[in-house]
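Shown next, in structure tokens, is the structure this report addresses.
The values are calculated or read from the model by the stated rules, or taken from the named source; none is laboratory data. None of the values given here were measured: they were computed from a predicted structure. When we count neighbours, we look across all protein chains shown, and the Cβ atoms used for this are built from the backbone with ideal geometry, even at glycine.
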Amino acid sequence: MIDFREVKLEDKPLVDSLICASGCHGADYSFANLYIWRHTYKPLINFINNRIVIYMPHSGGLYAFPKGDGPLKETIELMREDAHERGHKFEMRGLTPMILDELKEIYGDSFSIKEDRDNADYVYKTEKLCELRGRHLSSKRNHIKHFERNGDWYFKRITSDNLKEARDFVNTFYNEKDDPELEDESVAINEMFDNFDALEFYAGILYQSDKPVAFSAGTRLDEITFDTHFEKALPTVEAAYTMINREFARMIRELLPDIQYFNREEDMGIEGLRRAKESYRPDILLMKYTVTEK
């Protein structure tokens with residue numbers, strides 16, 4: 001049986017190197033996500049054959065695809081053996097199309113495959129989010145005009161020196177929502193604040209009439225992709241979400257000019273969130289799959 005343990009902050013350099021060595025991956029493989037959501041999903045990890053093995057006992061005994069560049073089949077066989085010793089079938093989640101093809105080359109049709117649309121990542125070109133050009137995004141440009149007409153505004157980068165501004169805004173946001181379903185997210189976002197520099201977060205806050213109205217934060221996912229982890233705006237402020245989306249993308253473009261894409265993560269099957277993400281016309285809908293041994 002594999003000797004799994006909890007995720008530690010000092011695992012970040014190794015996890016980052018193994019994930020980057022694997023090529024195409026979704027936002028669920030980000031170390032920041034793995035760490036800040038650990039209280040909710042309780043992932044356990046080990047490092048085998050220069051690959052990261054993730055086990056999620058509180059999610060039905062699921063495994064994640066073992067990212068890295070070591071021998072794949074040998075690693076998967078150890079994971080299958082571990083699942084059997086724990087008394088259940090071997091099941092992996094979060095496979096992208098590229099990973100699925102890699103698995104099929106080794107195992108053929110030994111696994112049943114299930115498309116996981118609710119967890120597909122929405123990926124957009126940086127230029128699209130920054131400039132909002134074209135007929136299909138005319139409504140977004142109109143939203144921004146409405147926002148600009150409703151008061152003077154400015155956007156500010158958040159660093160560890162002024163983190164309290166963002167933390168206060170976010171905590172106010174959750175307190176006003178008073179939604180038990182957001183409790184796990186509130187824990188995750190405060191984990192982000194507590195480990196802001198160590199997790200290498202970038203963040204920004206939007207002001208209108210000198211009052212904070214929206215916040216966004218994310219991390220670099222790989223050499224050319226940025227992952228937007230959080231985006232929060234006051235529901236009473238017209239077009240605040242549209243504006244924070246554009247201004248945050250522009251900030252990242254300036255700070256990290258090599259970033260070509262923004263991964264804005266999944267919609268979780270929430271109808272309103274799906275409409276919002278689709279309205280930006282994603283350049284890539286990075287599908288995810290779950291596979292189970294037959």
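Residue count for the stretch 190-228 satisfying the condition of being of a type outside the set (Asp, Glu), within 21 Å of ASP152 (Cα to Cα) and either assigned to a loop (DSSP other than H, G, I, E, B) or touching a Pro at 6+ places or on another chain (Cβ under 6 Å) (or both): 2. Within the stretch 136-151, being charged (D, E, K, R) and either closer than 16 Å to GLU278 by Cβ or buried (at least 16 other Cβ atoms within 10 Å of the Cβ) (or both) holds for one residue alone: LYS140. Please pick out the residue among GLY94, GLY60, GLY68 that is modelled with pLDDT under 95 and under 16 Å from SER112 (Cα atoms). The conditions single out GLY94. When the stretch 229-261 is filtered for residues that are more than 23 Å from TYR207 (Cβ to Cβ) and in a helix (DSSP H, G or I), nothing remains. Within the stretch 244-272, residues that are β-branched (Val, Ile, Thr) reach partners that are assigned to a loop (DSSP other than H, G, I, E, B) with beta carbons closer than 7 Å, at six or more positions or on different chains, in the pairs ILE252/ILE259; ILE259/ILE224.
Here are ARG86, ARG51, ARG133: which of them is at pLDDT 95 or above, surrounded by fewer than 20 Cβ atoms within 10 Å (Cβ to Cβ) and in contact with a Gly (Cβ under 9 Å, 6 or more places away or on another chain)? Walk me through how you get there before you give the answer.
Details: ARG51 fails: surrounded by fewer than 20 Cβ atoms within 10 Å (Cβ to Cβ); ARG133 fails: in contact with a Gly (Cβ under 9 Å, 6 or more places away or on another chain).
Result: ARG86 is the single residue among ARG86, ARG51, ARG133 that is at pLDDT 95 or above, surrounded by fewer than 20 Cβ atoms within 10 Å (Cβ to Cβ) and in contact with a Gly (Cβ under 9 Å, 6 or more places away or on another chain).
Of all the numbered requirements in (1) closer than 23 Å to ALA27 by Cβ; (2) more than 21 Å from the chain's Cα centre (by Cα); (3) without any contact (Cβ under 8 Å) to a residue 60 or more places away in the chain, LEU137 misses one, and that requirement is (3).
If I filter the stretch 140-154 for residues that are within 17 Å of ILE205 (Cα to Cα) and in a strand (DSSP E or B), do I get at least one hit? Looking through the stretch 140-154, at least one residue is within 17 Å of ILE205 (Cα to Cα) and in a strand (DSSP E or B). Considering the stretch 112-130, and only residues there that are assigned to a helix (DSSP H, G or I) and among the basic types (Lys, Arg), the residue that is surrounded by the fewest Cβ atoms within 10 Å (Cβ to Cβ) turns out to be ARG117.
Residues are listed down the side, and each one gets a yes or a no for (1) farther than 22 Å from ASP11 by Cα; (2) hydroxyl-bearing (Ser, Thr, Tyr); (3) in contact (Cβ under 8 Å) with a residue 40 or more places away in the chain:
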residue: PRO57; (1), (2), (3): no, no, no
residue: GLY60; (1), (2), (3): yes, no, no
residue: GLY70; (1), (2), (3): no, no, no
residue: ARG80; (1), (2), (3): yes, no, yes
residue: GLY87; (1), (2), (3): yes, no, no
residue: GLY94; (1), (2), (3): no, no, yes
residue: SER110; (1), (2), (3): yes, yes, yes
residue: ASP116; (1), (2), (3): yes, no, yes
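Taking the condition in contact with a strand residue (DSSP E or B) (Cβ under 7 Å, 6 or more places away or on another chain), more than 25 Å from LEU285 (Cα to Cα) and loosely packed, with under 14 Cβ neighbours inside 10 Å, does LYS73 pass? Even if it seems obvious, please write down each step before you answer.
On the way: in contact with a strand residue (DSSP E or B) (Cβ under 7 Å, 6 or more places away or on another chain): no; more than 25 Å from LEU285 (Cα to Cα): yes; loosely packed, with under 14 Cβ neighbours inside 10 Å: yes.
So LYS73 fails the test.
Restricting attention to the stretch 162-189 and to residues that are over 15 Å from GLY204 (Cβ atoms) and within 16 Å of the chain's Cα centre (by Cα), the residue that is surrounded by the most Cβ atoms within 10 Å (Cβ to Cβ) turns out to be ALA188.
Yes/no per residue for (1) over 20 Å from THR126 (Cα atoms); (2) not hydroxyl-bearing (Ser, Thr, Tyr):
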site	(1), (2)
THR236	yes, no
TYR241	no, no
GLU247	no, yes
MET251	no, yes
LEU255	no, yes
TYR261	no, no
GLU266	no, yes
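Tally up the residues in the stretch 262-294 that are surrounded by fewer than 20 Cβ atoms within 10 Å (Cβ to Cβ), in a strand (DSSP E or B) and either in contact with a Leu (Cβ under 9 Å, 6 or more places away or on another chain) or at pLDDT below 95 (or both), please. Looking only at that region, the number is 1.
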